[in-house]
1. Look at Arg953 and say whether it is modelled with pLDDT of 70 or more, within 22 Å of Thr1050 (Cβ to Cβ) and part of a strand (DSSP E or B).
2. Checking the conditions here, which among Val839, Val817, Val810 is touching a Leu at 6+ places or on another chain (Cβ under 6 Å), among the β-branched types (Val, Ile, Thr) and closer than 20 Å to Phe749 by Cβ?
3. Return the pair list, or none, for Cβ contacts closer than 6 Å from residues in region 252-270 that are over 12 Å from Phe303 (Cβ atoms) and modelled with pLDDT under 90 to residues that are among the β-branched types (Val, Ile, Thr) and part of a loop (DSSP other than H, G, I, E, B), at least 6 apart or on different chains.
4. Among the residues in region 806-815, are any in contact (Cβ under 8 Å) with a residue 60 or more places away in the chain, hydrophobic (A, V, I, L, M, F, W, C) and buried (at least 21 other Cβ atoms within 10 Å of the Cβ)?
5. Quickly run through region 917-936 and pick out the residues that are among the small types (Gly, Ala, Ser) and modelled with pLDDT under 60.
6. Could you tell me which residue of region 816-842 is surrounded by the fewest Cβ atoms within 10 Å (Cβ to Cβ), considering only residues that are among the hydroxyl-bearing types (Ser, Thr, Tyr) and within 20 Å of Glu869 (Cα to Cα)?
7. Quick check: is even one residue across region 1019-1035 under 14 Å from Ala977 (Cβ atoms), in contact with a His (Cβ under 9 Å, 6 or more places away or on another chain) and either surrounded by 24 or more Cβ atoms within 10 Å (Cβ to Cβ) or not aromatic (Phe, Trp, Tyr) (or both)?
8. Looking only at residues that are more than 57 Å from the chain's Cα centre (by Cα) and of a type in the set (Asp, Glu) in region 673-719, which one is modelled with the lowest pLDDT?
Amino acid sequence: MATTGVSEALEDPALALEDLDKVISLVEERQSTKPPAGVSVAGDTAEFLPLSFLDQGAQESRAVCRIARYFPLSTLRQEVIEEMQRSPLFGGPGSRDRSASRANDNLNTESALQDIFGIPEQLMPEIFQRDLSPFERLQNLFPEQFGQDYVAEVSRILKNLQDPRRIPDWHQLPSLSVEQLKRRLDIGEIVGAKIFGSAPTPLEKLKSITENQLAKLNPLPIGTGFLVGGNHLMTCNHVISDPAEAEQCVAQFNYVDDVQGYTQSVVEYEFDPAVLFVTEPTLDYTLVQLKSGMFTRQAGYQFGWIQLVERDDAIAPGLKVISLPSETNLAPELPAAEILQKLGVEGLATEAEFQAAYPGCTLAVKALQWKHRDQLALVARHPERLPHDLLDRLSTGLPEAIGKKLLSASAGDFVISIQHPKGQQKQISLNDRNQIKDDGLYKNFLRYSAPANYGSSGSPVFNKYWQLVALHHAAIAAPVDDSNSHKQDTRHSQPQILAHQGVRIDSILADLKQKSLTFSKLQSFIQDFVVTAEALNYPPLSSGALFNGIDSVVNTDGQLAFVSADAAGTLRGWSWQGVPLWQTRQSFQEPLNNVQIDQINLSPTAVAPLVTQGIAETNSHRFRFITAWSLTGEVIDTVRVNLSESLWISPDGQHVVKTQRTDTGQTQVEVQTLAGDTLLIHSGDFTVTAIAMDMFKRWFALAQTTGDKQVQVQLFRLGQQSSLASKKLLGGTLLTWQGTGQPIKTLQFSHLETSVERLAAASLDGTLRIWQLSQDPTQPKHTFTIPKASPKSGFAALCFDATADRLATVAEGEAAVKIWALDGTLQLTLAHAFPVSQVDFSTDGQRLLSTDEEGTVRLWNAQGQTVEELPQAGRWLQSNPEATAARSQASQPKLTVPEALTIEAWVKPQTGQGGTLLSNHSRIGGSAHGCEFRLEQVGSQLEMSFTRNGEQRRTRLAAASYEPAAGLPWNRFSHVAVTVQPTAVKFYLNGTLVSTQPGLASLPAPRADLGTQLPVLIGATWVRATATPHLDRVFAGIISELRVWQTARTQAQIKAHRDCRVEPSDQLIGYWRFEAGEGTQVHNLAEASPALGAGAGIQWVRSALPLPCGLALTGRAEIDCGTSPSFDLAQAVTVEAWVKHRFGNGLIVSRGDRDRGYSLAWRQGKLRVTLKNPELSDPIVEVETKA
């Protein structure tokens, strides 16, 4: 049953007209590309189209199909035919209250229903040329059939009729006469006369169709659809509204007649809504997947598909204007009422009076680029709604030089529709009257004069370049004039159709993109088959970063400072500001009950730069593991080892020391590489109590207790070769210890790559000895005793600082770190709330890290002040020997220092979210520090804000106040900027100044108790005022081309450079293009050597437009590049360019004349290279691509 939507509302509130400025820009573009009138007998030469137009149309038409549905009998009767019976178009109850135009064709006729349902001629007599029995007449009733006064009575009859238990001898009802049925069902005379007093209508007869008859009709045509992807079809929501309906439908391709009128072989595809089904009633579209199988090609690869492109400039409406002389007293942007007053038209004093009298009408004076010249004009929208006498007065009020013509018009764009009208074979609507109507461009819809019919719903609408512009969905009926309703019987009438309407493709695609945020399959479809506005036009440059609004962030200090691990096996990488750079978790294929990391080793230059070890437990067994990671938290490899082996990993993470008992009862110590190569075996009658290797692999030490209770430190001097695998053990040296006593539990080398290298050892009794290895290593240089809370507890950790002149100790069970001079003087005590488990100095000595048994990590500066506190970060940690706090501060732009500052970026925020674009901001101790630039939605307004040291400047903007043609910039790219000076803070949107606020002074030097520069983050703000520091106000959307200047840029500078890349300069202190495309590194290109930031949770996005700008050529323009000899062809030539071809033939580049030179051209859908040289044996060489 072929369908279409018919709307009687000319101005539904949801049908907002496109903004006038947008319409004018579209019409101006059409006018500017028209060639100047020349000598011709053909009228408008723009009406000529190339022959390739037909080829392209034939190709696009292959993707269009008829949609047919296998209706169950009950569905056809109750959901389709009864709905038609209710419609005034088919003589339904409302028809008596309507006045129709005008055509006395009754849609409730046999011929009309034959068209709509596609009933074969041979089945017509069987359905319509028979009388219905009285019982069948009753079965065809529906409650509203005779108006509201009879709904209750008809409902009672139907209720009894449908329940055999209510009527004795119910099975006899089909054989009863009219009078017998009236008595049996208690039908009153009035209702009885209405039911049986007239002949049954064709719809009533059709409602009595049998299962066998329906089987001959199924599937019934219900509309048109078209392929938009490999296996994806688009149609109207009112054609297929839910997955259940889709499962009853088929898409019929190649339903066309050949030149002799014979229908060709139809190819049918079933729908697969379980895979993908998206629909939106307000925009009346449905996107659904088709089935394909082992022996069935995907439909799109057999018939092609129509390209979906999200562009809002592919179609322009008609527009009516009156040209005004330059000396007119009418100024642009005057309200309509004032325009009338200045033209001498009285009676409407205010704009409100004008709109109340003529709703939807617009009169505006605009400065236009019209027909190749500047022109001041009076623009009219919906002038037909103005009374003729007002139009006459308006016309006569104009100066005589303008003449008496009321309005001159710019015709709307030409449109084409491919459809299955009335469910018939595929047809094309192609004539010179197919145009966008005057004022026919709405925010979400188009209105045009191209013909359509029942069954056309869901058909594609194209412009003359075969670009898809709309989804056809409705016919627009003329309004009803109730004053004439008494003059005619409207039961047999159709509405007068004023226009046809389609849903704009760019509106559909915008809605699909919004839905795809939570629908991964739809997101994949868009990525594979849709050219979005971002890909077509933005970002203005080729790349960007997508932030998820949850935990995505870019830390401009990409230096990995340290790594921590918690008791649950979670590994985190951190910056020196205490901001997480990444997070991962130790996992295995089988389910784990518990996993615990108990050692971390960092060596950034090694093959495996990060190595961890720990113990994992499943339901059946426990095992020890060693995992190698990248510096960004990706697993390189994992090995499992026996629990009976005691493992220790070298500081560089590249070597493993195994300690185990031999069959003879001796202890064996074996040093291996991670690859399993053995470097050292040391055995004897001893127990190993501690192991150490210096980070430069020169020394290896063992603390051991012999069988006779002697406490010893065995030191091995390694060779000087570059790798431990090639080093020879030069022999062990027994370091002096005082005979028997408490075992040594901790050994630690200093981190100096100099001759002043030291080894510290601490025993359970608190004795600490330090050897200087460049001197006599057998005798300790320093010895002192450290008091402990428990005489039986040892030391959890030892660590030298960067100079090896201080030593940090952690006694087991004590909630403090103590810093000692080498002579035993206690210098600092750093307190924790819980017993400390580990401590580590940074290699430059500016930071000390400590963590306690509750997993709280603290960062301390050299003076013993807490810089950061990170609750639940982990019980184990290791600093990066190549990361320094000084390097961290140098890598970040100084946002707080400059007197003047500019921050600018291209952004595409998600609807209702937005967030922080750039921050150097935190809340500490109840007050805010640093600065922050944010973009957010507040109610229906856009808010841009800049905060510096707790003082905020912000502006809230409604859509119309800054860019009426575009609205709020959600889900599309806009350029935002803020300039900050002591005198003023200014906000810009798309190069336009939108607000000026009071100025902000630059920040003083960083507070001493902060100890470090605050982190400079892109896409989030770091909050430290709570018990758990965390990311806040995380941006949701895409950021591209982010720049920070230490100067207040002017509006002209912002506007001039927003669409192009900039070169580094002294004023540019931060510049992120986000062009890495993979990995986590983000480059600040403002530095001479680009500083590296680290992105966590971001996705890289690429634009289909590879360059920031291009040149649009109409086919009648060219660029002369001059006659420089450098363009001449010598031995070889390379020509390359990015092009977006519409249709037809044309040169991309050419050099030379008819006999000599070269060219690259588009010819008959192929690229052709031509080389000409008369001096060669083959003077002309032409090569074409295959497709």
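The values are calculated or read from the model by the stated rules, or taken from the named source; none is laboratory data. What you are looking at is a predicted structure, and each value in this text was computed from that prediction instead of being measured. Cβ sites come from the backbone with ideal geometry, for glycine too, and all protein chains shown count toward neighbours.
1. yes
2. None of the other options fit; the residue is Val817.
3. If the second residue must be among the β-branched types (Val, Ile, Thr) and part of a loop (DSSP other than H, G, I, E, B), the pairs left are Gln264/Val256.
4. no
5. Those that are among the small types (Gly, Ala, Ser) and modelled with pLDDT under 60: Gly925, Gly926, Ser927.
6. Thr829
7. No: zero hits.
8. Here the residue is Asp708.
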